[in-house]
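Down below is the structure, laid out as structure tokens.
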Amino acid sequence: MANWLKKLFGSGTAIDRNRGNPALQAAVQKSAEIYEQTPLRDLISEPDRSDLARELFLEINRICNSGQPIAVCRESLAATMLRFAQYQVLVIPPTPEEDASGLRQQPGISGGLKAHLVELAESAENLRTDLFGLEQSPDFKSVWTAVESLYWKSSWRLETINSVRIEIGDHVKDGDWYRPFMHAACASAEHVYRHNLGLPPALDEDIAKPVSTAYSIYTDIVVSGAVDPDGEWRDYYKDSNIPRPHFDA
């Protein structure tokens with residue numbers, strides 16, 4: 001195993017000991033590649049990186065060595081996705097700035113929350129908890145720095161767990177559900193933030209509540225073990241006016 005991979009995840013002893021599990025090995029390799037593509041190295045300290053990598057390896061190991069790896073992976077992915085979504089909608093910039101996520105302007109996602117970071121840091125319970133330690137009246141720069149770090153940490157974890165999902169064969173070859181699930185989680189997160197701020201929803205007022213409920217149900221379908229969560233979700237709402245996201249193949 002490459003020295004840089006061992007350095008990222010520690011001594012490599014535990015990784016080497018599990019060479020017989022190809023899914024775990026592939027996921028660890030993919031996780032290291034994902035890390036190299038993010039700005040995390042510039043946002044967190046070396047001790048923090050080491051702790052995160054160790055925690056992530058233990059999660060990969062737990063999934064791959066479970067008696068029911070698909071079910072365990074789904075639960076881990078869903079929990080991580082919901083946390084990731086809370087940060088993703090905060091870092092999406094407004095138009096005309098480029099949106100690297102590809103989520104802006106999908107139903108329910110506006111790119112308009114970044115301007116409200118300071119207010120959300122003071123009023124949204126999840127952010128108050130996550131940003132504990134900031135000064136009592138933080139400015140935009142300090143909140144943004146903290147949120148950006150949290151976003152990239154959760155992104156690394158999410159993409160790694162998704163790579164485990166793919167390695168163990170839990171994906172749909174044509175029209176996989178990962179991106180639609182991400183959209184549903186992000187749209188739900190934005191809806192909650194907007195309600196918290198007293199802002200109008202990012203959807204038509206008359207359908208905002210049922211749409212938010214519909215998007216939140218996506219998580220339940222994923223955790224239920226449906227072979228094709230997106231197909232099941234779309235079929236369930238096929239006769240409704242719930243807007244669906246559209247992603248390029």
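The C-beta contact set for region 230-249 (first residue surrounded by 15 or more Cβ atoms within 10 Å (Cβ to Cβ), second residue in a helix (DSSP H, G or I) and among the aromatic types (Phe, Trp, Tyr), distance under 7 angstrom, 6+ apart or interchain) comprises Trp233/Tyr218. Among the helices (runs of 4 or more DSSP H) confined to region 142-249, the ones with at least 3 residues that are touching a Ser or Thr at 6+ places or on another chain (Cβ under 8 Å) are located at 178-197, 205-224. Taking region 223-249 as the range and being within 23 Å of Gln105 (Cα to Cα) and either aliphatic (A, V, I, L, M) or in contact with a Lys or Arg (Cβ under 7 Å, 6 or more places away or on another chain) (or both) as the test, the residues that pass are Arg234, Ile242, Arg244, Phe247, Ala249. When region 57-99 is filtered for residues that are farther than 30 Å from Phe140 by Cβ and hydrophobic (A, V, I, L, M, F, W, C), the ones remaining, listed by number, are Phe57, Leu58, Ile60, Ile63, Cys64, Ile70, Ala71, Val72, Cys73, Leu77, Ala78.
Residue-wise test of (1) closer than 18 Å to Phe181 by Cβ; (2) outside any helix (DSSP H, G or I).
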| position | (1), (2) |
| --- | --- |
| Arg54 | no, no |
| Glu59 | no, no |
| Ile70 | yes, no |
| Leu90 | no, no |
| Ser110 | no, yes |
| Val118 | no, no |
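Among the residues of region 137-168, those that are among the basic types (Lys, Arg) and within 22 Å of Leu56 (Cβ to Cβ) comprise Lys153, Arg157, Arg165. So which pairs qualify, if the first residue must be in region 94-114 and touching a residue at least 12 places away in the same chain (Cβ under 8 Å) and surrounded by fewer than 14 Cβ atoms within 10 Å (Cβ to Cβ), the second must be part of a loop (DSSP other than H, G, I, E, B) and of a type in the set (Gly, Ala, Ser), the Cβ gap must be under 7 Å, and the two must be at least 6 apart or on different chains? From residues that are touching a residue at least 12 places away in the same chain (Cβ under 8 Å) and surrounded by fewer than 14 Cβ atoms within 10 Å (Cβ to Cβ), the pairs are Pro94/Gly111; Pro94/Gly112; Thr95/Gly111.
Evaluate the following for Pro69: is it over 15 Å from the mean Cα position of the chain (by Cα) and farther than 16 Å from Arg165 by Cα? When the stated conditions are applied, Pro69 does not pass them.
Name the residue, out of Glu75, Glu59, that is of a type in the set (Asp, Glu), touching a residue at least 40 places away in the same chain (Cβ under 8 Å) and closer than 18 Å to Ala226 by Cα.
Criteria check complete, one pass: Glu75.
Do we have Ser216 as more than 18 Å from the chain's Cα centre (by Cα) and of a type outside the set (D, E, K, R) here?
No.
Set side by side, the residues Ser212, Ser224 differ, and just one is touching a residue at least 40 places away in the same chain (Cβ under 8 Å) and polar (S, T, N, Q), which is Ser212. With respect to Glu33, is the statement that it is more than 25 Å from His171 (Cβ to Cβ) and either surrounded by fewer than 16 Cβ atoms within 10 Å (Cβ to Cβ) or of a type in the set (S, T, N, Q) (or both) true? Spelling it out, it is not the case that Glu33 is more than 25 Å from His171 (Cβ to Cβ) and either surrounded by fewer than 16 Cβ atoms within 10 Å (Cβ to Cβ) or of a type in the set (S, T, N, Q) (or both). Quick check: is even one residue across region 241-248 β-branched (Val, Ile, Thr) and touching a Phe, Trp or Tyr at 6+ places or on another chain (Cβ under 9 Å)? Yes, the conditions are met somewhere in region 241-248.
Assuming Tyr236 fulfils every condition listed in (1) over 16 Å from the mean Cα position of the chain (by Cα); (2) modelled with pLDDT under 95; (3) more than 16 Å from Leu103 (Cα to Cα) apart from one, which condition is it? Unmet condition: (2).
The values are calculated or read from the model by the stated rules, or taken from the named source; none is laboratory data. Everything numeric in this text was worked out from a predicted model, so none of it was measured. Glycine gets a Cβ as well: all are built from the backbone with ideal geometry, and neighbour counts include every protein chain shown.
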